[in-house]
Amino acid sequence: MFDYYSNSESFKEANGYTIDEVWYPRVTKIVSIKAKPALYRFYGEVASFGEGQSISQKSATEGTKIHSAVEDILLGKSPEIDPSIKPAIDAFLTFFEQKNIQVTPELVEKRVVSHEHRYAGTVDALALIEGKFGVLDIKTSQAIYRDYNLQTSAYMDALKDQHENLQTRWILRIDQVQTCNLCGAIKRVKGGREKVRNGKNSVPCRGGEHEWSDLKGDIELREFPYWQNDFEAFLGAKKLWEWENEFWLKKIGYL
């Protein structure tokens, strides 16, 4: 959550990529400058900052397992699936076949660079979905947050001249939850933290005595075809990130 650097090399390694001997800040680091109300709310709900960090790190590890398995599937591999994420991956496989998502290996985990605006990033995949070709970004969060639009808009601008048929972008959210068979409440356990949301029924189970279903995958795909305004916001975030890190950016010769 807070970054400290011992020298220029540690700053460069933590915040960007060196490509053809030129260093570029990473898109996800630039976007991280934006305030995240949901994250602050989470830290306000846990007992201590240390507990919040522990949950966040464990949650990130769980998300990485899902992300890595999905990446292998997109590359045409048959990965061994950790039982803890099997419901999410099973749901993704069904969704992948139903939507007839088409990718080629060289367009999975694709590094992109904007020489004009001086940033770089890694796109999860460029994919063909229902006849449209675009950026596919995979998340394992409980919701699709607007922040993601900043990240994907940066990818769109960096790729627009390389791929003239680039049309759109999608956020694919992959998660797993349990549902109460009685009241429809939804339980999500991530990072060892249990969170329950009330269901559609106006009257929740008395005393919270839910009847939980088996763990099942939760898939959501949303398209965001109009990216130019989001990109302007990304450039604003980049300017603020550069201001925040002015000392190190001048030290390494970026500014």
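The values are calculated or read from the model by the stated rules, or taken from the named source; none is laboratory data. Remember, predicted model here, so these are calculated numbers, not experimental data. We place every Cβ from the backbone using ideal geometry, glycine too, and count neighbours over all the protein chains shown.
More than 30 Å from Leu255 (Cβ to Cβ) and within 19 Å of the chain's Cα centre (by Cα) - does that describe any residue in the range 149-169?
Yes, the range 149-169 contains at least one residue that is more than 30 Å from Leu255 (Cβ to Cβ) and within 19 Å of the chain's Cα centre (by Cα).
Within the range 7-41, track down each residue that is part of a helix (DSSP H, G or I) and without any contact (Cβ under 8 Å) to a residue 12 or more places away in the chain.
If the condition is that a residue be part of a helix (DSSP H, G or I) and without any contact (Cβ under 8 Å) to a residue 12 or more places away in the chain, then Glu9, Ser10, Glu13, Pro37, Leu39, Tyr40, Arg41 are the ones that fit.
Which members of the range 157-187 meet the condition of being under 24 Å from Ile66 (Cα atoms) and either in contact with a Leu (Cβ under 8 Å, 6 or more places away or on another chain) or surrounded by fewer than 16 Cβ atoms within 10 Å (Cβ to Cβ) (or both)?
Arg169, Trp170, Ile171, Leu172, Arg173, Gln176, Val177, Gln178
Go through the range 76-127 residue by residue and tally those that are among the polar types (S, T, N, Q) and in a strand (DSSP E or B).
4
Could you list, in sequence order, the residues of the range 146-189 that are among the acidic types (Asp, Glu) and within 22 Å of Pro25 (Cα to Cα)?
Those that are among the acidic types (Asp, Glu) and within 22 Å of Pro25 (Cα to Cα): Asp147, Asp157, Asp161.
For the range 83-100, which positions are touching a helix residue (DSSP H, G or I) at 6+ places or on another chain (Cβ under 8 Å) and not aromatic (Phe, Trp, Tyr)?
Passing the criteria: Ser84, Ile85, Ala88, Ile89, Leu93.
Show the residue pairs meeting these rules: Cβ distance below 6 Å; 6+ apart or different chains; first residue within the range 47-62 and part of a helix (DSSP H, G or I); second residue surrounded by fewer than 13 Cβ atoms within 10 Å (Cβ to Cβ).
If the second residue must be surrounded by fewer than 13 Cβ atoms within 10 Å (Cβ to Cβ), the pairs left are Lys58/Gly192.
If I go through the range 162-192 residue by residue, how many of them are assigned to a strand (DSSP E or B), of a type outside the set (S, T, N, Q) and either touching a residue at least 24 places away in the same chain (Cβ under 8 Å) or farther than 16 Å from Trp212 by Cα (or both)? Explain how you work it out, then say what you get.
Keep residues of the range 162-192 that are assigned to a strand (DSSP E or B), which gives 168-180, 186-190.
Filter once more, so that each one left must be of a type outside the set (S, T, N, Q): 169-175, 177, 180, 186-190.
With the extra rule that they be either touching a residue at least 24 places away in the same chain (Cβ under 8 Å) or farther than 16 Å from Trp212 by Cα (or both), the set shrinks to 169-175, 177, 180, 187-188, 190.
So the answer is 12.
Where the second residue is of a type outside the set (S, T, N, Q) and in a strand (DSSP E or B) and the first is without any contact (Cβ under 8 Å) to a residue 40 or more places away in the chain and lies in the range 105-116, which pairs have Cβ atoms under 7 Å and are six or more apart or on separate chains?
Leu107/Ala125; Leu107/Leu126; Val108/Ala125; Glu109/Asp124; Lys110/Val123; Lys110/Leu126
Take the range 66-91 and flag every residue that is among the charged types (D, E, K, R), surrounded by 13 or more Cβ atoms within 10 Å (Cβ to Cβ) and within 23 Å of Leu107 (Cβ to Cβ).
If the condition is that a residue be among the charged types (D, E, K, R), surrounded by 13 or more Cβ atoms within 10 Å (Cβ to Cβ) and within 23 Å of Leu107 (Cβ to Cβ), then Glu71, Asp72 are the ones that fit.
Exactly one condition in (1) under 30 Å from His115 (Cα atoms); (2) at pLDDT 95 or above is false for Asp72; which is it?
Evaluating Asp72 over (1) under 30 Å from His115 (Cα atoms); (2) at pLDDT 95 or above leaves (2) as the failure.
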